[in-house]
Amino acid sequence: MSKPSVRDFYDDLAHDYHLMFRDWDASMAYQAEVLGGLVRQSLGVGPHTVLDCSCGIGTQAIGLALSGHQVVGSDLSPVAAARAATEAAARGSRLPAAAADMRRLPFRETSFDVVLCADNSLTHLLSGQDLRTALLGMRRVLRDDGLLMITVRSYDEMRQTRPTSTSPQVSQTRDGQAITFQLFPAKDTWQVQVRQTTHWALTPPQLTEFVAEAGFTNIAWHSPASSGYYQPVLTAQRAPSAQ
């Protein structure tokens, strides 16, 4: 059996993605508070125009929209992007969301104050060329001095410790409890679902080099201990265009 594409992986996962969180809405609010705080530090109170270019089902985008920002979502998975828009509407917010590859963002130049790429999404790009293309595209749609935010796993630590799994997350569903990673109870039996995809284990120095090469300045890393976010966060700003 051939390995599914990244798009197929997230199309299939979109229905269940919220089960990765004990309380999805609480996680939305928490992530929006932390990420919104980083935006305020760099750009002021706002509200700001935000592109979440790996929005998935809306975990970060919906929270930021509910906190007052003007957010647009895009994602490689059309199923996930459609769910993000639907979930935002169900919470009284508006999230225009499109299916788009982050290497080919379909937005005008200098359209956004902030571009967000969260949840380790960038590391699905497995070559330097693809990574450069995506970062240059993000820079293109940012205004001068606009803010780039990327969150990734702590791969430098993972390369040392070589963990074999993440901790199980137990969530309550209408059918009972669901344990993710990929174990879902169905009545009196267990249904096992295995989903596979590939990431590039980029270390902070590697990603910093690519971001600088793409024309960003004021590059900074914010650890979970300092930011309160569950992954390391890179922030950077688009350098003003040459006159």
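Brief remarks follow.
- For the pair region 216-243 / region 6-65, the C-alpha centres are spaced 17 Å from each other.
- Radius 15 Å from Cβ of I62, net charge of other residues (Lys, Arg +1; Asp, Glu -1): -4
- Solvent-accessible surface ranking, highest first, for R108, R238 at 1.4 angstrom: R108, R238
- Gyration tensor verdict on region 201-243 (Cα atoms; rounded if a/c is under 1.5, prolate if a/b is larger than b/c, oblate otherwise): oblate
- For the set W24, W200, W221, the ranking by accessible area, highest first and with no ligand, DNA or RNA atoms included, is W221, W200, W24 under a 1.4 Å probe.
- Compactness of region 4-81 - radius of gyration and Dmax, Cα, Å: 13.3, 42
- Spin-label zone in region 84-112 - amide nitrogen under 13 Å from a point set 7 Å from the Cα of E213 along the C-beta vector: none
- Y10, Y229, ranked by accessible area, largest first (probe 1.4 Å): Y10, Y229
- Ranking S121, T161, G137 by Cα position along the charge dipole of region 113-162, where only Lys, Arg, Asp and Glu carry charges on their C-beta atoms, puts T161 farthest toward the positive end.
- Grouping the Cα pair distances of region 20-125 into 5 Å bins from zero gives a pair-distance distribution of 2, 14, 25, 26, 21, 10, 2, 0 percent in increasing distance order.
The values are calculated or read from the model by the stated rules, or taken from the named source; none is laboratory data. From a predicted model like this one, the values you see are computed outputs, not experimental measurements. Counting neighbours? That spans all protein chains shown, and the Cβs are built from the backbone with ideal geometry, glycine included. The area values use the complete protein model at the heavy-atom level, side chains included, leaving out ligands, DNA and RNA. Shrake-Rupley method; radii C 1.70, N 1.55, O 1.52, S 1.80 Å.
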